[in-house]
Amino acid sequence: MYEWQKQIQMIVDEIDKCIRNYEDEALTLGDLARCLGYSEFYTTRKFKEISGMQFRDYLRHRKLAFALKEVRDSKKSILEIAVAYGFSSHEAFTRAFKGMYGVTPSEYRKQPRLLVLRTKINPFDRYFFGLGEIGMMKSTDDVKIYFVTIPAHKFLHIKNYESNGYWDFWQKQSVIPGQDCETICGLLDSMRGKLDDDGGSEVNSGSGQIMAYMNDPQGRLCDWGIPRTECYGARLPADYSGEVPPQMLLADVPEAEYLVFEHGPFDYEQEKRSVEETVEKAMADFDFSGTGYCYDTTPGRLIYFYFNPERFWKYIRPVRKQD
């Protein structure tokens, strides 16, 4: 089963790469099945078994998710976008778009709103399966430590008082109506103006979606001995006045100083645990002597966690001047 999880992940990665590069001709089940060395029938069955979706449905949903952002953000005509994403006509694209989102592309362009997009599925994760690292590769990059001042902004989020870690967070959220990973990440993916959005379409990987830890007396103790509540959401401009989904919270975050612990790019399968331990140790060992600062553990303050193997592993922790 683990091997097939990896194979399906290869298909999912290839789908996103081809959609992003407008290489629609490469997105046939036959070609993808041949790359894996299996029949179309067997590949289709395993894709449905592991992902919970038919291959053709997943492909259509992802194409429409990419297309929606171009409808919203680009000046291309609807027909140009339709053709770029493999639709035979303006009408065919409009039917598919309205069938998925309940609104036509033209209507959405005039008045964008939050919709649940099909985010990229990630069926294989060595750590989720308890497999840990492979190989002997160890990161040689040091952890950069520096102070920053972050301007006032808003944080749109959900939170869980009892979860412990990313996977546990989403497992607990999955039983709360409207707060499961697919719904929340899909809503955030359709949101324009996220401060950390660099155009990515993967969860917590350039799409402006981040984990955070809120200092909270009601929360559980973290490894640092601070009561905290785990959150997931997106940072928004301080003047954001747009839609707030009813199942999410919007917090005002004042301008403040933070201490950043940042590790550079790393190999997720081979180094994730090592990098995590390295950064955790850097935070535990940091000496504030001579800086005039200490960690700010005031209730409500947020610790942001950025995770993107191609760029960094980064904690941004609030600090205050010592009395």
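At-a-glance table
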read-out	value
Hits in region 18-54 - residues which are among the small types (G, A, S) and within 22 Å of F66 (Cα to Cα)	A26, S51, G52
Subset of region 54-78 (residues that are surrounded by 15 or more Cβ atoms within 10 Å (Cβ to Cβ) and closer than 19 Å to Q7 by Cβ)	F55, Y58, L59, R62
Cβ pairs under 8 Å, 6+ apart, first in region 15-39 and in the same structural domain as Q54 (by TED's automatic domain parsing) and at positive phi, second small (G, A, S) and surrounded by 13 or more Cβ atoms within 10 Å (Cβ to Cβ)	Y22/A84
Residue count, region 79-93 (criterion: surrounded by 18 or more Cβ atoms within 10 Å (Cβ to Cβ) and either of a type in the set (S, T, Y) or outside the structural domain of F66 (by TED's automatic domain parsing) (or both))	1
Which numbered condition G233 misses (of (1) out of contact with any Leu (no Cβ under 6 Å at 6 or more places or on another chain); (2) surrounded by 17 or more Cβ atoms within 10 Å (Cβ to Cβ); (3) in a strand (DSSP E or B))	(1)
Lone qualifier among Y22, Y85, Y58 - being under 24 Å from N122 (Cβ atoms) and at pLDDT below 85	Y22
Some residue of region 244-265 being surrounded by 16 or more Cβ atoms within 10 Å (Cβ to Cβ), in a loop (DSSP other than H, G, I, E, B) and of a type in the set (S, T, Y)	no
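The values are calculated or read from the model by the stated rules, or taken from the named source; none is laboratory data. None of these values were measured; they are calculated from a predicted model. Glycine gets a Cβ as well: all are built from the backbone with ideal geometry, and neighbour counts include every protein chain shown.
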